[in-house]
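Taking it in order: structure first as structure tokens, then the write-up.
The values are calculated or read from the model by the stated rules, or taken from the named source; none is laboratory data. It should be emphasised that the depicted structure is a prediction, and the values quoted were computed from it without experimental measurement. With ideal geometry, Cβ positions are generated from the backbone for all residues, glycine too; neighbour counts draw on all protein chains shown.
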Amino acid sequence: MGKGKKKEKESKIFGCIEALEKRIVALEAFKESQESRPKESLDATQLETLKTENATLTKEKADLEDKIKALESAKQGVEGEKERLQEAFNKKIDELQKVQAKLEHSEQQAQQDNATLQGKLDRQRTDNDNLEQKLKDVQSNLRRAQEDGAKWQSKSKELDTELDDLKQEKKRLEGELSTAKTDCQNLEDKCSQLEGELKEAQADQKEAKGYQSLALVQLLNLAQQSDQLLKRLEIDKNATLDDLFASKLGQDRLFVLKCIAQDIQDFRKDLSKIQPLIAFFNALFPLLESSEKLTRLSVCEGDNYNPREHATPEDPQPTRGKVTKVHFAGYQLGSNTYKSLVEVQKTHV
């Protein structure tokens, strides 16, 4: 826009100069025509008028010549301005070319960045899809949460109270933590001590396993002496320790112990028959006592007869008396009591 206005101004100046030059030529021609007229034919009035017009034309010519000089000066200024503008234009062209080069380099860099961004955009779209799905899930959960708003507001108050309690608990625990750190060091020292004790216990365990093996050999020998035990364990007289492990005894020792205690009660009238059962029970009980939390009943000669814990070989069972002999000490498992087998000196009323 600035360049177009300059050209328009320059054209106007040149047009004015040409118009003024034509005007001057016309005035000079008019002057010559007036001067060439014979003065004799003019009266005084016409001659005065002619002089006045000549003076006017002379003055107007001088004015026009001044205007021409001013316009030529303006023209020179315009041409100087034109040169300055041309230099500025050329400078701008150089700057534009540099900018163009930078733009081309930037465009190449932008294309590379665009490729990188496109990859990121693809990943972002995938992430957006995942986020949209998560958003749907969150919105669904939010709707459900809003439906339960009243309930959760009440719960929030409870949680605030609980939070206060937890803060107090935290303070307490922080104090305990400090104590626990000290205790931890003590435990480490204790652990070293226990490691030594563990080694001793392992040695004792090894010894106990040897004892258990001997106890199982004893159980097998006792079982081979009683048809009732063989029947109960579902083995034969030629059974080995492997057969004993695979028998009912290997499957459920506590069940076998209960069954033998019941057999002792069922066959209590035949003392000779139940002797192997009693011996087998006495050998098996120590193997289960600690692990199954069993308690052997305490009964001695001279104790008062207790029908809740004692039974005799004969029927009917007495209600009172003194224990004169103990054939079998029963046991207790939880709330169940398996009676002892005793003989009683009946009290005569």
Note on Lys346: of the conditions (1) of a type in the set (D, E, K, R); (2) over 18 Å from Leu257 (Cα atoms); (3) touching a Lys or Arg at 6+ places or on another chain (Cβ under 7 Å), unmet is (3)
Report yes if Val99 is more than 30 Å from Ile17 (Cα to Cα) and of a type in the set (A, V, I, L, M, F, W, C), otherwise no.
yes
Say whether the condition of being surrounded by 11 or more Cβ atoms within 10 Å (Cβ to Cβ), over 30 Å from Ile17 (Cβ atoms), of a type in the set (Asp, Glu) and in the same structural domain as Glu21 (by TED's automatic domain parsing) is met by at least one residue in the range 57-75.
no
Say whether the condition of being part of a helix (DSSP H, G or I) and at pLDDT below 75 is met by at least one residue in the range 171-179.
no
Pick out the one residue from Gln265, Gln275, Gln332 that is surrounded by 13 or more Cβ atoms within 10 Å (Cβ to Cβ), in contact (Cβ under 8 Å) with a residue 40 or more places away in the chain and among the polar types (S, T, N, Q).
Gln265
Test: Glu40 is assigned by TED's automatic domain parsing to the domain that holds Cys16 and either basic (Lys, Arg) or at pLDDT below 80 (or both):
yes
Residue pairs within 8 Å by beta carbon, gap of at least six or interchain, first lying in the range 244-258 and under 10 Å from Leu233 (Cα atoms) and modelled with pLDDT under 90, second of a type in the set (Lys, Arg) and surrounded by 15 or more Cβ atoms within 10 Å (Cβ to Cβ), listed first then second, are Lys248/Arg232
